[in-house]
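In what follows, a single structure is set out as structure tokens and then discussed.
The values are calculated or read from the model by the stated rules, or taken from the named source; none is laboratory data. In this text, all values refer to a predicted model and were calculated from it rather than measured experimentally. Cβ: placed from backbone, ideal geometry, glycine included. Neighbour counts: every protein chain shown.
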Amino acid sequence: MTDRDLDETARAILRANDRGGYTIPTGGLYPFQWNWDSAFAAWGFSTFDPGRGWDELDTLFAAQWVTGMVPHIIFHKEDAGYFPGADVWATGATPPSSGISQPPVAAILARRMHEATGDTERLRALYPKLLAWHRWWRDWRCPNGVACVTHPWESGRDNCPDWDLGMARVDTSDVGEYTRRDTGHVDASMRPGKEDYDRYIAIVQFGRACGWDQETILRDGPFLMGDPAITFILIRANRDLAAIARVLGEDDSSPLRWADDLEAALPWLWSDALQAYVARDVATGSFASAISSGAALGLLAGVENAAMEARLARIWDSVRYGIPSNDPAADSFDPRRYWRGPTWPVVNALIAIGLQSAGRVEEERRLRRETAELIRQGGFFEYFDPLDGTACGGDNFTWTAAIWLAWANGKD
Ligand code: GLC
């Protein structure tokens, strides 16, 4: 297949996963609208159908809660093939949705979409919603300055070793019986294990029991960890939102202030032992034991640190393809199990935006080449083994197709 054929296939995947105004990540495994997947889908659509790209963001933000939160899953239609569905979350939201959020990449990508298409009116309609969402992050997810997650799923990097410490403290004694659906769609060895799943469900049950009251969740919830990836993403997203405000002639300096505050709080995530920004448990103050791809998003926020860069460079050099989600030297590394080692085109694309901003042309090109190689060899899969390039997880994946169109297929 030539790259032009792959362009065609990628567009066909986005069209096939389109459910009318929103795009599912992939049939079977993920049959609803996911938050950050949709933002990437919008970016992909914008390369050949800009109007449809903006529609994707509009549909996502139509599910925004009055609090400003934009949920991580929107259950537009019922589908028995997924667990935990709307009935388990029981948020009472319309449209039905989960009760947590996901990485706030929308402003970063909306800015790029606007730069490419010049659709100022579509951006204007989105601006107050982006602002409200970022304010929600500030009000409800930055209890000690950096961005925290109340559930590993909120990080978008579900079973990453970043969360092992916090997860170990989650009590699963009252979880009860349930039937997973994910392992009916893809090989169980590529998915989180049963102990992880029990904990995921226990955290959902806590949120449901308190009616998704954010104060209770922050104060008494079973899980709260500082996330370097979301902190970096949010810093960048706030600065991009400030740039959007300037384009629109809006006068609001809050996003810039929020970005500065996040940056000032970053030392709390610095691990001397690992010489990197890593996840940290709010309750105990303990640091995660390995460097994840979260650290590699530093450049996205304009955060440069020579010691960390050196460690990240060694990690990258120790694999063949892309940035691994976990350090191959760590005991927890597993090259095919989801966020415990594999490389994810979608994260590589975010890291690449950081590299571009830092003017690191050669590294950006290398990352793009390696990501493109994975897709050329393996197809539009969810993620890949960074050592031998084996395609893993779901096939015909929306965000992999979108990343191909918007970034990885770039020439040079
Ligand atoms: C998994 C991923 C998450 C993604 C979702 C849908 O839960 O960890 O990042 O949004 O699948 O693709």
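Some notes on this structure:
- Single condition N17 does not satisfy, out of (1) out of contact with any Lys or Arg (no Cβ under 9 Å at 6 or more places or on another chain); (2) under 30 Å from C210 (Cβ atoms): (2)
- Any chance F380 is in contact with a Ser or Thr (Cβ under 6 Å, 6 or more places away or on another chain), farther than 18 Å from D5 by Cα and either touching a residue at least 40 places away in the same chain (Cβ under 8 Å) or more than 16 Å from the ligand (Cβ to nearest atom) (or both): no
- Of the listed requirements (1) surrounded by fewer than 24 Cβ atoms within 10 Å (Cβ to Cβ); (2) more than 16 Å from the ligand (Cβ to nearest atom); (3) not β-branched (V, I, T), N396 misses just one: (2).
- Residues that are away from the ligand (no atom under 16 Å from the Cβ) and in contact with a Cys (Cβ under 6 Å, 6 or more places away or on another chain) are absent from segment 142-151.
- Taken over segment 295-314, the residue count meeting the criterion of being assigned to a loop (DSSP other than H, G, I, E, B) and either more than 22 Å from the chain's Cα centre (by Cα) or closer than 20 Å to D334 by Cβ (or both) is 1.
- A12 vs. criteria out of contact with any Lys or Arg (no Cβ under 9 Å at 6 or more places or on another chain), farther than 29 Å from V149 by Cα and surrounded by fewer than 23 Cβ atoms within 10 Å (Cβ to Cβ): yes
- Total residues in segment 5-23, condition part of a loop (DSSP other than H, G, I, E, B), within 16 Å of the ligand (Cβ to nearest atom) and touching an Asp or Glu at 6+ places or on another chain (Cβ under 8 Å): 1
- When residues of segment 320-329 are limited to those that are within 22 Å of the chain's Cα centre (by Cα) and part of a loop (DSSP other than H, G, I, E, B), the one nearest to the ligand (Cβ to nearest atom): S325
- Residue count for segment 241-294, restricted to those that are aromatic (F, W, Y) and in a helix (DSSP H, G or I): 2.
- Exclusive hit being over 24 Å from D227 (Cα atoms) and away from the ligand (no atom under 16 Å from the Cβ), set A42, A90, A107: A90
- The residues on offer are T59, T47, and the sole one that is of a type in the set (V, I, T), in a loop (DSSP other than H, G, I, E, B) and either away from the ligand (no atom under 14 Å from the Cβ) or modelled with pLDDT of 95 or more (or both) is T47.
- Under the condition of being on the phi > 0 side of the Ramachandran plot and surrounded by 24 or more Cβ atoms within 10 Å (Cβ to Cβ), the residues counted in segment 281-332 number 1.
- Residue check, V146 among the hydrophobic types (A, V, I, L, M, F, W, C) and under 25 Å from Y82 (Cα atoms): no
- Residue match in segment 75-86 (condition: part of a helix (DSSP H, G or I), away from the ligand (no atom under 16 Å from the Cβ), small (G, A, S) and surrounded by fewer than 17 Cβ atoms within 10 Å (Cβ to Cβ)): no
- Just one of the listed residues (A301, A296, A243, A237) is within 20 Å of P152 (Cα to Cα) and in contact (Cβ under 8 Å) with a residue 40 or more places away in the chain, namely A296.
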